[in-house]
Amino acid sequence: MLNIAICDDLHSDRMQMEKLTRSFCIEEDHDINIIKFENGEKLLHYFVHEKAAFDIVFLDIYMSGINGLKSAEQIRKYDSDCKIIFTTSSTEHSLESFKVFPFNYLVKPITKAIFNPVVKKAVKDISEEKQKSLAIKIGSNIQTIFYKEILFIESRAKTVNINTIDHGIFSTKSKLDDIQVQMNAKRFLRCHKSFLVNMDFISSVEDYTFKLSNGKQIPITQRTYASVKKVFYDYVMDKANLK
């Protein structure tokens, strides 16, 4: 099931996006749930109060009230993984939007030929992301944790603590080096000998520290500070399709 949000202040554009989405999903045999919003305020209210988990958000940039860029900034406080696809009459805000990791832009008027390839790639990425997980041993049991749920991983003595968004901390007897090799995931950055951080949740970097979206601060080794920052900035640019 694909959960999709369409946010546009023009009724005709909302209906067109819904038509294109349903047509695509029929052709590709995907079950979908679509919720439409007429402005950013209603979309954000849904995120906050309904604890929404959308796979794709089609978001108009030029809306009255809270525009698409401001809406996307707020969305990223609750969801680092959903594919934000801006629908717009111009791409002039592409550089400004990099910090919210947009998946792509659809320039109006949007046709099936423009729409389908972008959404097909988004769905493929979503499917692959849902399969990426870390398996660890806790006692006699094997625990599976999805990458997208992991905020950071911390090593203390001979124990590795995996800090997650909603499920607390999972601890296992292991070395951080071994966990890093096992994961081999681009989104995780070794910024300190004792920390592996999920770059999708970094909100800022300063004073040898990464600040995460939940307020947690992760230290950065001073001697590798410049190179670590570069890896993070390159990741941000890549994810925002700006390189």
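List of remarks:
- Any chance residue 202 is within 23 Å of the chain's Cα centre (by Cα), more than 21 Å from residue 228 (Cα to Cα) and of a type in the set (Val, Ile, Thr): no
- Boolean, residue 149 is without any contact (Cβ under 8 Å) to a residue 12 or more places away in the chain and either surrounded by 13 or more Cβ atoms within 10 Å (Cβ to Cβ) or charged (D, E, K, R) (or both): no
- Single unsatisfied condition, residue 69 versus (1) in a helix (DSSP H, G or I); (2) in contact (Cβ under 8 Å) with a residue 12 or more places away in the chain; (3) farther than 25 Å from residue 232 by Cβ: (3)
- When 184, 198, 214 are checked against the criterion of being surrounded by fewer than 13 Cβ atoms within 10 Å (Cβ to Cβ) and in contact (Cβ under 8 Å) with a residue 40 or more places away in the chain, a single residue qualifies: 214.
- Selection of the stretch 130-141 for residues being surrounded by fewer than 18 Cβ atoms within 10 Å (Cβ to Cβ) and either hydrophobic (A, V, I, L, M, F, W, C) or under 15 Å from residue 184 (Cβ atoms) (or both) yields 131, 132, 133, 135, 138.
- Extreme residue, modelled with the highest pLDDT, among residues of the stretch 35-48 that are in a helix (DSSP H, G or I) and among the aromatic types (Phe, Trp, Tyr): 46
- Residues that are of a type in the set (A, V, I, L, M), surrounded by fewer than 22 Cβ atoms within 10 Å (Cβ to Cβ) and modelled with pLDDT under 90 occur at least once in the stretch 49-65.
- In this structure, residue 144 does not satisfy being in contact with a Lys or Arg (Cβ under 9 Å, 6 or more places away or on another chain), among the hydroxyl-bearing types (Ser, Thr, Tyr), more than 17 Å from residue 197 (Cβ to Cβ) and surrounded by fewer than 16 Cβ atoms within 10 Å (Cβ to Cβ).
- Residue selected from the stretch 59-83 under the condition among the acidic types (Asp, Glu) and over 9 Å from the mean Cα position of the chain (by Cα), by the criterion farthest from residue 2 (Cα to Cα): 73
- In this structure, residue 178 does not qualify as under 21 Å from residue 238 (Cα atoms) and of a type in the set (Asp, Glu).
The values are calculated or read from the model by the stated rules, or taken from the named source; none is laboratory data. Quantities reported herein were computed from a predicted structural model and do not represent experimental measurements. Glycine also receives a Cβ, built like all others from the backbone with ideal geometry; neighbour counts cover every protein chain displayed.
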